[in-house]
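The values are calculated or read from the model by the stated rules, or taken from the named source; none is laboratory data. Predicted, not measured: the structure shown is a model, and the values here were computed from it. Please note: Cβ atoms are built from the backbone with ideal geometry, for glycine as well, and neighbour counts cover all protein chains shown. Ligands, DNA and RNA are excluded from the accessible area calculation, which covers all protein heavy atoms including side chains. Shrake-Rupley method; radii C 1.70, N 1.55, O 1.52, S 1.80 Å.
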Amino acid sequence: MSHPHAVAVAFPDIDPLLNPLTKNIDSHTTLISLCGAGGKTSTLFWLAEYFYKQGKRVLITTTTRMFLPAPSHYRELILEADPVRQLTRCQQLPDEPTLVALFSHIDQASGKVAGPTPQQIDLIKGQQRFDLILVEADGANHKLLKVPALHEPCIPQSSDWVIALTGGAMVGAKADPQQIHRWAEFQALCGIEAGDPLDWALFHKLLSHPQGLFKGTPARARRIWFINGDYQNEASWLAELIKLQSRHPEIHAIWQGAVRESPPIRHLICTAPHGEAL
């Protein structure tokens, strides 16, 4: 069986790269879930700010726990434990561009907030009060790579897009349990020991395996693999990334870059010419 032809686009324009993320399946609200390890929160804030500046109504939240964002990352904060009141507060928001952070409660000791359940986020999406909902749907304890545990990730079933992150420093490195979250699960899935290379064959397995990087992704959701924090190996990896993209037609695109840098995405690997990839 022949594989789709993949291409790489260097330093893609951000507007045509990100604007297709507003495409959704069943309503005018787009739900994007982020999972994996190596920069989910930074990516969530970057996407939220981008779409807010595009005049969109944006909601950010989590289905797990995250540190309460700084006020600079939202324009309105909703802290509400009651699910019905969450829906009511969202319904009462003015119909204008906004960037709302919604959480159920905050743990004052840790400074972390808990978010709604995936099912509650599906209901919020159904209200169609937002253009985009961005969800941090996984935890990684500040590690750069992970395999999910049985209860992870917590991805809403109405997700239109799932972006799975991997820390770029892990590609080609030696397996270090201190940098890999859920090390026991990672060993069991990959058959790997500490010090073994994290090579392209391993990432092929992580992309292919139902318990791997895209575990729990709804069948209808589009998938993006984001290798984040890659500062030095952009060009040398392109041939292998093109091979991986060709072998995985279920992945809509691969992003390569560093979300805290400019430009944040340095290469787009996709199965169509630039502008038709997403």
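For the stretch 165-188: of the residues being in contact with a Gly (Cβ under 9 Å, 6 or more places away or on another chain) and surrounded by fewer than 22 Cβ atoms within 10 Å (Cβ to Cβ), which is nearest to Ile227 (Cα to Cα)?
Ala169
Could you please let me know if Ser2 is modelled with pLDDT under 90 and within 26 Å of Leu206 (Cα to Cα)?
Here the answer is yes, as Ser2 does meet what is asked.
Testing Thr98 on (1) exposed (fewer than 14 other Cβ atoms within 10 Å of the Cβ); (2) of a type in the set (Ser, Thr, Tyr); (3) in contact with a Lys or Arg (Cβ under 8 Å, 6 or more places away or on another chain), one condition comes back false. Which one is that?
Only one criterion in (1) exposed (fewer than 14 other Cβ atoms within 10 Å of the Cβ); (2) of a type in the set (Ser, Thr, Tyr); (3) in contact with a Lys or Arg (Cβ under 8 Å, 6 or more places away or on another chain) is unmet by Thr98, namely (1).
Using beta carbons and a limit of 9 Å, which pairs, at least six apart or on different chains, have the first residue in the stretch 177-203 and over 15 Å from Gly167 (Cα atoms) and at pLDDT 95 or above and the second one open to solvent by 30 Å² or more (accessible area, probe 1.4 Å) and of a type in the set (Phe, Trp, Tyr)?
Within 9 Å, the pairs are Ala194/Trp183.
Go through the stretch 14-71 and give me each residue that's closer than 23 Å to Gln211 by Cβ and open to solvent by 50 Å² or more (accessible area, probe 1.4 Å).
Arg65 - this is the single residue of the stretch 14-71 that is closer than 23 Å to Gln211 by Cβ and open to solvent by 50 Å² or more (accessible area, probe 1.4 Å).
Identify the single condition in (1) in a loop (DSSP other than H, G, I, E, B); (2) touching a Phe, Trp or Tyr at 6+ places or on another chain (Cβ under 6 Å) that Phe130 does not satisfy, given that it satisfies every other one.
All conditions are met except number (2).
Being open to solvent by less than 70 Å² (accessible area, probe 1.4 Å), out of contact with any strand residue (DSSP E or B) (no Cβ under 6 Å at 6 or more places or on another chain) and of a type in the set (Val, Ile, Thr): is that true of Val162 here?
no
Output yes when any residue across the stretch 110-121 is closer than 23 Å to Thr22 by Cβ, surrounded by 13 or more Cβ atoms within 10 Å (Cβ to Cβ) and out of contact with any Ser or Thr (no Cβ under 9 Å at 6 or more places or on another chain), and no when none is.
no
Does the stretch 48-67 contain at least one residue that is closer than 30 Å to Thr271 by Cα, of a type in the set (Phe, Trp, Tyr) and assigned to a loop (DSSP other than H, G, I, E, B)?
The answer is no, given that none of the residues of the stretch 48-67 is closer than 30 Å to Thr271 by Cα, of a type in the set (Phe, Trp, Tyr) and assigned to a loop (DSSP other than H, G, I, E, B).
Have a look at Leu123, Leu99, Leu87, Leu77 and point out the one that is in contact with a helix residue (DSSP H, G or I) (Cβ under 7 Å, 6 or more places away or on another chain), on the phi < 0 side of the Ramachandran plot and part of a strand (DSSP E or B). Lay out the reasoning, then the answer.
On the way: Leu123 fails: part of a strand (DSSP E or B); Leu87 fails: part of a strand (DSSP E or B); Leu77 fails: in contact with a helix residue (DSSP H, G or I) (Cβ under 7 Å, 6 or more places away or on another chain).
Unique residue meeting the criteria: Leu99.
Test each condition in (1) open to solvent by less than 10 Å² (accessible area, probe 1.4 Å); (2) under 23 Å from Val84 (Cβ atoms) for Gln157 and report the one that comes out false.
Going through the list (1) open to solvent by less than 10 Å² (accessible area, probe 1.4 Å); (2) under 23 Å from Val84 (Cβ atoms), Gln157 breaks only (1).
Looking at Gln245, Gln256, Gln187 in this structure, which one is among the polar types (S, T, N, Q) and in contact with a His (Cβ under 7 Å, 6 or more places away or on another chain)? Give the steps one after another, and end with the answer.
Details: Gln245 fails: in contact with a His (Cβ under 7 Å, 6 or more places away or on another chain); Gln187 fails: in contact with a His (Cβ under 7 Å, 6 or more places away or on another chain).
None of the others qualify; the one that does is Gln256.
Picking from Ser110, Ser159, which residue would you name as being assigned to a loop (DSSP other than H, G, I, E, B) and at pLDDT 95 or above?
Values: Ser110 fails: at pLDDT 95 or above.
Exactly one residue qualifies, and that residue is Ser159.
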